[in-house]
Amino acid sequence: MTTQVDPQILVERMLAGDRLALARLMTLVENRGGAVPGIMRAVHARAQRGYVVGLTGPPGAGKSTVVDRLTAALRREGQTVGIVAVDPSSPFTGGAVLGDRIRMQDHALDPGVFIRSMATRGAFGGVARATGQVLKLLAAFGFDWILIETVGVGQTELDVMKLADTTTVVLVPEAGDAVQAMKAGLLEVADVFVVNKADRPGAPALMTELTFTAHLQYTGSAGPKDVDWEIPVLSAEAQRDVGIAELLGEIRRHRATLERAGALAERRRQRRRSELRSLLVEEITAAVERKLRSGELARTFDDVAEGVIDPYSAAEAILARVLSLGGS
């Protein structure tokens, strides 16, 4: 039987460099227990560090190999790396497939690397609800770079943009129709395109198409942009470590561009605002659900059902009550 440890003690240990405490805190966050708000409050001041790079794209594009090679390149420079691999999960067990961890086993014993696989738990966008909090834990621990690899599920990859400072979309020549179907969403998400397995037939044509599309987006009048950036299109053969140095160079160039324009700080501010909005919706919904379960709102619902009161007035009254009572 596992001994229960006060989450605040775990936070203290984690901030002092205890990797086991970091892993246990991640488990608490993933399980969405009552300790999560306290944990997040305790790490808040230290959770603003680290640079988050998202890697996404269709299944089979070789994202894990790209992550593995990027990690090796960063470690050669003495940079520390936290990795979150968000995997498809079984609807029966909710467990994460550990393929990514197996592929990255060369880094498993490296004290400068921490790898975590997470299940999506059916979350929309292929990103586990707790992923943002896990990223904060890695940042608070002090990792210089945080890489997040997500499941390739098309339009829902837009969720990555909410978590990453720079998003790399990894594609392969065989993507074909999938690229056409996802193009609009991918262009919204991508800061860098990488055509992996570029030794295969069709790679030059895909790169040409992506370059043309990225240029059209850059020169088009799709509203004001917070940064002057045309999405670069790179080729790579990650299995042979080809193109990885160039990819890291483009990620760094994007980071420098964001920092010069003040866009990195502003995007992070917007992300925090968005997080607060989501938390408010979540908390208000939970408070209403609690009142529904307790039967407190049964009379109001009956009145709406009988046509005695309209739904809008009822909703307004319920919200006023929930907010005035603090959701208790």
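Worth pointing out:
- Selection from the stretch 32-53 of residues that are touching a residue at least 24 places away in the same chain (Cβ under 8 Å) and assigned to a loop (DSSP other than H, G, I, E, B): 32, 35, 47, 48, 49, 50
- Looking only at the stretch 280-328, residues that are among the aliphatic types (A, V, I, L, M), more than 21 Å from residue 32 (Cα to Cα), in a helix (DSSP H, G or I) and open to solvent by 90 Å² or more (accessible area, probe 1.4 Å) come to 1 in all.
- Options 32, 19: the member that is closer than 18 Å to residue 83 by Cβ and among the charged types (D, E, K, R): 19
- Being outside any helix (DSSP H, G or I), at pLDDT 90 or above and touching a helix residue (DSSP H, G or I) at 6+ places or on another chain (Cβ under 9 Å) is a property that holds for residue 82.
- Members of the stretch 292-318 that are in contact with a helix residue (DSSP H, G or I) (Cβ under 7 Å, 6 or more places away or on another chain) and either polar (S, T, N, Q) or under 30 Å from residue 133 (Cα atoms) (or both): 300
- Candidates are the residues of the stretch 13-26 that are surrounded by fewer than 13 Cβ atoms within 10 Å (Cβ to Cβ) and free of Cβ contacts under 8 Å to residues at least 12 places away in the same chain; the one that is farthest from residue 142 (Cα to Cα) is 20.
- Any pair with Cβ under 6 angstrom, 6 or more apart, that starts in the stretch 232-261 at a residue that is under 15 Å from residue 171 (Cα atoms) and ends at one that is at pLDDT below 95 and hydroxyl-bearing (Ser, Thr, Tyr): 233/211; 238/65; 239/65
- Residue, modelled with the lowest pLDDT, within the stretch 129-146, restricted to residues that are over 24 Å from residue 76 (Cβ atoms) and open to solvent by 10 Å² or more (accessible area, probe 1.4 Å): 129
- Filter result for residue 60 (open to solvent by 20 Å² or more (accessible area, probe 1.4 Å), more than 20 Å from the chain's Cα centre (by Cα), in contact (Cβ under 8 Å) with a residue 40 or more places away in the chain and on the phi > 0 side of the Ramachandran plot): no
- Summed over the stretch 227-252, residues that are within 21 Å of the chain's Cα centre (by Cα) and open to solvent by 70 Å² or more (accessible area, probe 1.4 Å) total 1.
- Across the stretch 159-192, the qualifying residues are those that are modelled with pLDDT of 90 or more and of a type in the set (S, T, N, Q), and the one among them that is farthest from residue 50 (Cα to Cα) is 168.
- Residue 264 surrounded by 15 or more Cβ atoms within 10 Å (Cβ to Cβ), in a helix (DSSP H, G or I) and touching a residue at least 12 places away in the same chain (Cβ under 8 Å): yes
- No other residue among 212, 193 is within 21 Å of residue 149 (Cβ to Cβ) and of a type in the set (Phe, Trp, Tyr) apart from 193.
The values are calculated or read from the model by the stated rules, or taken from the named source; none is laboratory data. Worth saying up front: this structure is predicted, and the values here are computed from it rather than measured. Counting neighbours? That spans all protein chains shown, and the Cβs are built from the backbone with ideal geometry, glycine included. Side chains are part of the model used for accessible areas, which takes the heavy atoms of the whole protein and leaves out ligands, DNA and RNA. Shrake-Rupley method; radii C 1.70, N 1.55, O 1.52, S 1.80 Å.
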